[in-house]
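Read through the structure below, which is laid out as C-alpha cells, and then see the notes.
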Amino acid sequence: MCQSTNELKLCSCNQDEIDRLKKEVFNYKSTSDKKHYLWSLRSYVGFIFDFLDGLIIFPSEKLDDVITSDFILSQINSKNCFDFEYNPSEGDCLIIHNLNFSEGYLEFIYKGAQWEKDYYNPLTHQVKQIKEGRVELNNLTG
C-alpha cells in the first residue's frame, strides 16, 4: 500500500477496499468531507462496429484545484506513479474520477511513448480493465 507524499501516487487496491469506498459514498455514510478519487487503467481492445445510441460525457480539465489534467500529465509522464511495476503500452487508457462523479473525470491515452489528454468514445471503442485503485496525494486521500 502507498504512503501519502507530495507527489501523485496511484495505489492499487483489492476489490474489497474499492467496494467499501464505493458503498460508503453511495450510501451517504461518509463521516468526512474528504473526496475519494479512484483511477482505472484500461487497455484498448478495438473499434466497435455496432450502431449504438447514447450520450457521451466528455472528460474534464480538472477535478479540483490540485487534480488537473496538466498536473496528472506532468506526474505520469515523468515517472511511474503506480505502486506496482507497470510499463504502458500504446493505446492504454488511464481514467481518474471522484467517486461521487460530480466533478466529471480525467482521461489520458498512452500514444507515441507518452501520456496525452485524450479519451475513447465508449460508443465506438472497446477497452478492457487492467487494474484499478485509489489516488493518493499529500492532504488528499482517494
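Only the coordinates and a few stated rules stand behind these numbers; no lab work does. Since the model is a prediction, treat every value here as computed from it, not as a measurement. Because the Cβ atoms are built from the backbone with ideal geometry, glycine has one as well, and the counts that use them run over all protein chains shown.
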Check: If you take the alpha carbon radius of gyration of the stretch 70-132 and divide it by 2.2 N^0.38 Å, what ratio comes out, to two decimals?
Finding: 1.13
Item checked: Distance between modelled label sites at Asp16 and Glu132, nm, 7 Å Cα→Cβ extension -> 1.8
Next item on the list: List, in the order given, every pair from Lys22/Lys79; Lys22/Lys62; Lys23/Lys79; Lys22/Lys128 whose Cα-Cα distance in the structure shown is over 25 Å.
Entry: Lys22/Lys79; Lys23/Lys79
